[in-house]
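The values are calculated or read from the model by the stated rules, or taken from the named source; none is laboratory data. All values reported here derive from a predicted model rather than from experimental measurement. As a convention, Cβ positions derive from the backbone with ideal geometry for all residues, glycine included, and neighbour counts pool all protein chains shown.
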Protein chains: 2
Amino acid sequence: MSKGSINTEYDMPEGFNISVIEAAIKKPGRTDVALIYSTVPAAVAAVFTKNAVKAAPVLLDIKRILNGSARAIVANSGNANACTGEQGMKDAALMASTVAAVLDIDEADVLVCSTGVIGAPMPMDRLWPKLKECAQNVGSATLMDAAMAIMTTDSFPKIASRRIKLGSKTCTIAAVAKGAGMICPDMATMLCFILTDAAVAPKVLKTALKNSVEKSFNRITVDGDTSTNDTVILLANGMAGNKTIDGQAKDFFKTFEKALDEITLELARMCVRDGEGATKIFTVLVKGATTPVHALKAARTVANSPLVKTAIYGRDANWGRIMAALGRSAIPFDPYKVDIFFDGVMVVENGLAAGNEADAEKILSNNDEVTVTVDLKSGEAAAEIISCDLTEEYIRINSKYRT
Amino acid sequence: MSKGSINTEYDMPEGFNISVIEAAIKKPGRTDVALIYSTVPAAVAAVFTKNAVKAAPVLLDIKRILNGSARAIVANSGNANACTGEQGMKDAALMASTVAAVLDIDEADVLVCSTGVIGAPMPMDRLWPKLKECAQNVGSATLMDAAMAIMTTDSFPKIASRRIKLGSKTCTIAAVAKGAGMICPDMATMLCFILTDAAVAPKVLKTALKNSVEKSFNRITVDGDTSTNDTVILLANGMAGNKTIDGQAKDFFKTFEKALDEITLELARMCVRDGEGATKIFTVLVKGATTPVHALKAARTVANSPLVKTAIYGRDANWGRIMAALGRSAIPFDPYKVDIFFDGVMVVENGLAAGNEADAEKILSNNDEVTVTVDLKSGEAAAEIISCDLTEEYIRINSKYRT
């Protein structure tokens, strides 16, 4: 699969300064630290992994976002600072206080993110002097540089932006993400930093982010199947000068929410497209379910089935595996009511072969993206999960990640 | 991995006649129909897939075992007769009635099993005359021949037997199984036929089989994640002449149960060892859990994690992935109490690196079988799941199974 066109042009919100540096956490020649600094205090919202094993920076950030305000994010790739105990907590705090001292801000206003290998101590001897240097050079790098500094197994940087009009003011939202392992439940960390110069009240920001993540990043992976480090942070510094968005009912909120949703979905799709070893994206749309929960459960089970994923990789319209996955998804349905389509081609009608497999296989052979529609014909609810195929390359990446 | 020594010697219970035939359902040169016939009526017990999408032969057998008695099993490989609607039900019934007519027994006493591709109609034009021929030749083949006739992606036939003394009588239990896809939740069908000449009351037989499957086949795959065709059948024809085992408390029952458990576990282990593309078996033992349900849930989550499986394949003692899998298993535990061992080598102590990864990697490099022990130190409960690694070969097999 072509990885699609990579965004290289993007709009940048006012008042955010960036720097990146190489601290030799990853292999030589790759930046591995990014610093994002808002020149004024920003409203903050964040969503974290639900995994019971939470990395040190996640535990730190959970507390730090409670007051609804932040100034900076310092992130490293190459080491997750997870399962590192008290030392890990100290290291995460030190990462924040080091950049805070240089930037002359409160260390409690600095959020920390890490991604990489679990269980190894942070190489603070190498990292610490580089953090100082990074903070001293803030403003010297672009958001694209930051997107590259947080990559691990990602094959391309992930960036997206939108411009919106709020009354007479033009506001910008820009975001970077990393994550190339949404292919299976317990994959590599997903990080996403969203920056905007819109003025948004913390409470509203929180609602908008939670809803947006639910419709994007949470639709490309299995519920509750998260890494130790997954983090999405949204900073809104108000530099655009719009009237602060402080209620959900307002038009401004709708405009902001729409742009935010577009950005998170765009980045989420990039993560799937960059799925480790993936050659093809497929969207599983389950409709006609009795409840939205059932629709989502069925869509997730099909989208995560290794047998479905390998069939898609083999350009094989093997709908029997889809039926078997539905059958074990523990939702109520009648197998002999099910219709299944690959894009527009019906392969199953009322639970039986519809005889168009050759046409479906043409679609699988020719298209980089395919929608598998399952109509349960038992109700009105629908849900969609975006997934990718499972290939030898996935095995290669994950059996050799640390070596 | 060497697939281990393949059993070629086994003891055969009295009063079972076998035949096999090539009906061109699989590729030429491979037998694909097996018939097992008890010369006298046998007590029967069976366990079937919990998948909501059940193949036609499963739906047929569920009714037929209700009276506790059966005479024959006719099984084919190459086509699962699943998602085949009314025609599939007719075909399954016709398979039974065809052999029943030749054997001059009641067709309701014939059980049917199928395994292979889902959703394709049974090739009854080819199969029907061959079924007659197969029934006419009953007694001409061995149980090993039957083990080979039911293979699909299996790389070796799976057979096991035990001799037991029940009072003055010697009884024999012998069994065949197929299944090489226990590597992931929604894998290929597992079939197992267990034959004994012991006399056992149907009710007792049912209890013994249910318990035995729970401790063997259900410990190599995820709860409820079953194929459309999974079936385990146990026939006890009483030809050994022992006093009928009719109560669980009896010594005879214990002796019988022990042998049955050994056979099912031996066959279950063979299925994992033959796991599609597997190079290594690993057993995940979770102990110190607060309840047996939590222990099992944690063991299953670790044993099924694609990241753990690929790390094991890469001979990488990547315990961070084990911690992350525990973290998403939704059981109560304290990450900083966890100890993790690869065989005898401690790699994690109280949630932190114990520094013996090099030793653990030697174990992973040198041993075909490894036990990953996770001690949660939160309670007294333990559970074990047997799994295998995830390799490029698994992808190759499953992306090309139908082509």
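The sole residue among B:97, B:155 that is over 30 Å from residue A:356 (Cβ atoms) and outside any helix (DSSP H, G or I) is B:155.
Going through the range A:291-320 one residue at a time, which ones are under 25 Å from residue B:305 (Cβ atoms) and not hydrophobic (A, V, I, L, M, F, W, C)? Break it down stepwise before answering.
Step one: of the range A:291-320, the residues under 25 Å from residue B:305 (Cβ atoms) are A:293, A:296-314, A:318.
A:297, A:300, A:301, A:304, A:305, A:306, A:309, A:310, A:313, A:314, A:318 - these are the residues of the range A:291-320 that are under 25 Å from residue B:305 (Cβ atoms) and not hydrophobic (A, V, I, L, M, F, W, C).
Counting only residues that are touching a Leu at 6+ places or on another chain (Cβ under 7 Å) and outside any helix (DSSP H, G or I), which one in the range B:288-312 is nearest to the other protein chains (Cβ to nearest Cβ)? This residue is B:289.
Search the range A:165-192 for residues being buried (at least 24 other Cβ atoms within 10 Å of the Cβ) and not aliphatic (A, V, I, L, M), and hand back the single one that is modelled with the lowest pLDDT. Looking at the filtered set, the residue picked out is A:186. Where residues in the range A:316-333 are within 9 Å of chain B (Cβ to nearest Cβ) and part of a loop (DSSP other than H, G, I, E, B), which of them is surrounded by the most Cβ atoms within 10 Å (Cβ to Cβ)? My answer is A:318.
In summary, strands (runs of 3 or more DSSP E) completely within the range A:338-403 and bearing 2 or more residues that are under 30 Å from residue B:388 (Cα atoms), touching a helix residue (DSSP H, G or I) at 6+ places or on another chain (Cβ under 6 Å) and of a type in the set (A, V, I, L, M) occur at A:381-388.
Scanning for something within 23 Å of residue B:273 (Cα to Cα) and more than 10 Å from every other protein chain (Cβ to nearest Cβ), does the range B:387-394 turn up at least one residue? Talk me through it step by step, then tell me what you get.
Step one: list which residues in the range B:387-394 are within 23 Å of residue B:273 (Cα to Cα), which gives B:387-394.
Now narrow it down to the ones that are more than 10 Å from every other protein chain (Cβ to nearest Cβ): B:387-388.
Within the range B:387-394, one or more residues are within 23 Å of residue B:273 (Cα to Cα) and more than 10 Å from every other protein chain (Cβ to nearest Cβ).
With respect to residue B:264, is the statement that it is in contact (Cβ under 8 Å) with a residue 60 or more places away in the chain and in a loop (DSSP other than H, G, I, E, B) true? Taking the combined requirement at face value, the residue does not satisfy it. Number of residues in the range B:133-152 that are of a type in the set (S, T, N, Q) and assigned to a helix (DSSP H, G or I) equals 1.
Just to check your reading of the model, which residue among B:105, B:65, B:118, B:73 is within 22 Å of the chain's Cα centre (by Cα), of a type outside the set (Asp, Glu) and surrounded by fewer than 22 Cβ atoms within 10 Å (Cβ to Cβ)?
Working: B:105 fails: within 22 Å of the chain's Cα centre (by Cα); B:118 fails: surrounded by fewer than 22 Cβ atoms within 10 Å (Cβ to Cβ); B:73 fails: surrounded by fewer than 22 Cβ atoms within 10 Å (Cβ to Cβ).
It is B:65.
All of (1) part of a loop (DSSP other than H, G, I, E, B); (2) within 14 Å of another protein chain (Cβ to nearest Cβ); (3) of a type in the set (Ser, Thr, Tyr) hold for residue A:114 with one exception: (1). Of the residues B:339, B:389, B:375, the single one that is charged (D, E, K, R) and buried (at least 24 other Cβ atoms within 10 Å of the Cβ) is B:389.
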